[in-house]
Structure formats: C-alpha cells, structure tokens
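Take a look at the structure below.
The values are calculated or read from the model by the stated rules, or taken from the named source; none is laboratory data. Quick caveat, the model's predicted, so the values are computed rather than measured. Don't worry about glycine lacking a Cβ; one is built from the backbone with ideal geometry, like all the others, and counts go over all protein chains shown. In case anyone asks, the SASA skips ligands and DNA or RNA and just uses the protein heavy atoms, side chains included. Shrake-Rupley method; radii C 1.70, N 1.55, O 1.52, S 1.80 Å.
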Amino acid sequence: MTQPAAADGAVIAALGAYVPSRRMTNADWGQYVDTSDEWIRSRTGIEERRMAADDESTATLATRAAERCLAAGKFPADRIRWVLVSTDTPEMWNPATACFVQAAIGAVNAVALDVTGGCAGFVAALGLAEARARLGDPVLLIGCELLSKAMDWSDRSTAVLFGDGAGAALVLPGSEAEGLAVTSLIAGTDGRDADILGKPYGGTKNPLTAELVAAGHHHKIVMHGQYVFRNAVVHMTDAAHEALGRAGLTLADIAWVVPHQANQRILDAVAERLKVEAVKVYSNVARFANTGSASIGIALVEAIQRGLIEQGQRLLTVAFGSGFSWAAGVLTCTAVPPVEADLG
Ligand code: ACO
C-alpha cells in the first residue's frame, strides 16, 4: 500500500447532510401500488426511505445540508465564491436552485449555479469545484434531490427506489485546509442513452398539454430499469478503474469504496466486478434508498460519523445515472473532515 500524498489542489474540508424526518417503509408503499416488502428488499436491498414534508422543497433541503456543512467547518458563508447545486429535481425551471440556497445561507459573494448530471452529478461537479478551489476560490457543493415530488407514485417499478435528501461539501484550496483531498477525478457521458432514464415531458421538446396528459403522459421520471442496471454496473466498474489509473493506484490502496447508493444489487455487482470485498463498499441504501446526487454526500457524512474514515486512508467514490453519465474519484484523507448531520 503506497503512502497518501500531502494535500494539494483541493480538499473537502467539511461536510453536512440533511434527510427529512418522515420515514416511509416498504410496507407503506402497499397503500399506493401492488408491491411487497419482500419484492423491494430482494430486488434492491431497500427497507425504508425518507420523504420530504409538503412544505419542504429542493432548496430547503439543500439549505439545511449547506448550513450544517458550514457550521461543521466553522466557515463564514460570505467567504464562499461558488454555490454549486447538483440536482435533477430543481426548485423550479428557472432560476437555478442554487440561487435560493445562496440567498438563504447568506453567501452574498458567491455565484450560484446548478449542475444537472443525474445521479453522477455530485461527483462530476466535484471536478468543477476542485478546478475553482485550485484557483483559490472556496466552493460550497450540494447534491440534493426531492425525488418524491418528481416520481410517478403509480409506477411501482421506479417509485419504490427513491428517497429524498441532501449532502453538502465545503471544497477549499489544498493550501488552506486539510480533509479529503481530491487525488483524481474522472467523468463521462454517453448521450446516446439520454432517453432511457429521465423526465421526457414538461420541457421545451414535449410541453405538457391537456392532450398529452389525457394520453397518460406526465412530467415525472420514467426509466427502463433493466437497461439502467446493466449499464450502471459496467460504467461504474470502468469509471472506478479509470479514476484509480489516473491516480496511479490500485484497489489494494483503497480503504473504502463510497459509491452512489443506487441499489444493493448494483453495488454488489460492482463489488464483484472490481473484485473488492462487499464489506469495503459503504452502503446505507437500506435506510435511505436512492437519493440521486445526494447519496454520496450523505454516505460520506455517515461513514465519518461512524468512525470508519481515518487519516491516511484513500477512498474511491463512483456514480452513474441519467445521461447516461458517470464519474469517479479518489479522495485521500489528510485529516478527517468535521461533519454535521442528524441521520438517526
Ligand atoms: N413490486 C412488485 N412487483 C414489481 C415491482 C414492485 N415494486 N416493480 C416491478 N415489479 C414487477 C414487474 O411488473 C414485473 O412483473 P411481470 O413479470 O408480471 O411483468 C416483474 O416485477 C419483474 O420486473 P423487472 O423490471 O424485470 O424487475 P427487475 O428484477 O429487473 O427489477 C429494478 C426492477 C429493481 C428496477 C431493476 O431493474 C433495477 O434495479 N434497475 C436499476 C434501476 C435504478 O437503480 N435506477 C435508479 C436511477 S439510475 C441510478 O441510480 C443508477
């Protein structure tokens, strides 16, 4: 095992997360669709998920994670130069969700932008954050999804997969802080599969008309599940190898794989292909389900709260989602970053 390098470039100096308090179990789904705890558990490993309250929105979830992140890092909001929100379930069409978060946290000196990169958006946007932090800019990156308001509650093959939540990371120049140093980061997209997973109606291509609604169309998520599954496994495995190769490392150098929490069968299949012990692949999908681009931030916070991440370790993070897009990175722990969240 090679020794971790000292922090350079950019580091995640603090993290925060927020999940709504309302729990929805697999059994609860029986009120809405013809399903069972046994079916959901055996196909996905999911046992329950969190659902936002009626008065919560993407920006309020993201704001709570952002506030916790800044509190953990004792970092003043007015020093943030960029607020990046990765989401596929935005507050509204326009302006960016990040604008609402910027105002709510008082990041008055920041530019606020959204990234729409599917479930891989948080890791891909970490690459953008890293680039700005390398130039000296403090960045607040938030992955946030409110999927319960974006899914078709009558579609049992998609709705049961998702949950709501937000994870935030304070990304600083490596010269300024220690934490999870970004050692390598790769990302890719194959837009030929853009129509496999997404919300095809309600945009400019297919504005939702009364006729389309009458024909059964809606502005919620549609997905070809088995095709997504196969591609997730292949692309997450390849992306993991690419990020390791870019860092000049192998899986033997990695203490924890912290993947996008898509579903347990995908995580198990990726672990098998990577030939990494399943116990080294961090999973909380049973409790939070698939929270899209929020899942890796939440998983990192929880792993740190559980004392699993130690100084000197290297982590491999990898994600896949609509687009199809994927991203992976190696993070080197030069110091365990402070975190704040109530995930109990
Ligand atoms: N409860 C009970 N039965 C169900 C449910 C449900 N919730 N959902 C589907 N079924 C039924 C289907 O109707 C079908 O019935 P039929 O044979 O009578 O037609 C049967 O179960 C089998 O359906 P499949 O789609 O073949 O089930 P599969 O074993 O492929 O599992 C699943 C479906 C879980 C969606 C799987 O394909 C999968 O995990 N895909 C990955 C999707 C994903 O993770 N998307 C998230 C976004 S992208 C990302 O994060 C990576």
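Out of all the residues in segment 123-161, which are part of a helix (DSSP H, G or I) and within 12 Å of the ligand (Cβ to nearest atom)? Break it down into steps so the answer makes sense when it comes.
Filtering segment 123-161 for residues part of a helix (DSSP H, G or I) gives 123-134, 147-149, 156-159.
Listed by number, the residues that qualify are L147, R156, S157, T158, A159.
Pairs needed: first member in segment 209-233, touching a residue at least 12 places away in the same chain (Cβ under 8 Å); second member anywhere, away from the ligand (no atom under 16 Å from the Cβ) and open to solvent by less than 70 Å² (accessible area, probe 1.4 Å); C-beta distance under 6 Å; at least 6 residues apart or different chains. That search, which allows pairs on different chains as well, returns H217/Y201; H219/Y201; H219/G202; H219/L208.
From A166, A131, A177, which residue is buried (at least 24 other Cβ atoms within 10 Å of the Cβ) and closer than 16 Å to I12 by Cβ?
Details: A131 fails: buried (at least 24 other Cβ atoms within 10 Å of the Cβ); A177 fails: buried (at least 24 other Cβ atoms within 10 Å of the Cβ).
Being buried (at least 24 other Cβ atoms within 10 Å of the Cβ) and closer than 16 Å to I12 by Cβ holds for just one of A166, A131, A177, which is A166.
Taken together, D253, D342 contain a single residue that is surrounded by fewer than 21 Cβ atoms within 10 Å (Cβ to Cβ) and modelled with pLDDT under 95, which is D342.
Condition check ((1) among the hydrophobic types (A, V, I, L, M, F, W, C); (2) closer than 23 Å to A303 by Cα) across all residues:
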site: A120; (1), (2): yes, yes
site: A125; (1), (2): yes, yes
site: A150; (1), (2): yes, no
site: S157; (1), (2): no, no
site: P173; (1), (2): no, no
site: T189; (1), (2): no, no
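Only helices (runs of 4 or more DSSP H) whose full extent lies in segment 1-111 are considered here, and the ones with at least 2 residues that are of a type in the set (V, I, T) are 37-44, 58-73, 97-105.
Among the residues in segment 286-299, are any among the hydroxyl-bearing types (S, T, Y), out of contact with any strand residue (DSSP E or B) (no Cβ under 6 Å at 6 or more places or on another chain) and open to solvent by 30 Å² or more (accessible area, probe 1.4 Å)? Give the steps one after another, and end with the answer.
So the first thing to find is which residues in segment 286-299 are among the hydroxyl-bearing types (S, T, Y), and the list is 291, 293, 295.
From the residues that got through so far, the ones that are out of contact with any strand residue (DSSP E or B) (no Cβ under 6 Å at 6 or more places or on another chain) too are 295.
Within this subset, residues satisfying the condition of being open to solvent by 30 Å² or more (accessible area, probe 1.4 Å) are none.
No.
Please note which helices (runs of 4 or more DSSP H) are completely contained in segment 171-278 and include at least 1 residues that are within 15 Å of the ligand (Cβ to nearest atom). Full working, then the answer.
Numbers: elements: 210-214, 225-247, 264-274.
In segment 171-278, 225-247, 264-274 are the helices (runs of 4 or more DSSP H) which contain 1 or more residues that are within 15 Å of the ligand (Cβ to nearest atom).
Filter segment 192-226 for residues that are acidic (D, E) and under 17 Å from T116 (Cα atoms) and give the result. Answer for segment 192-226, where residues must be acidic (D, E) and under 17 Å from T116 (Cα atoms): D193, D195.
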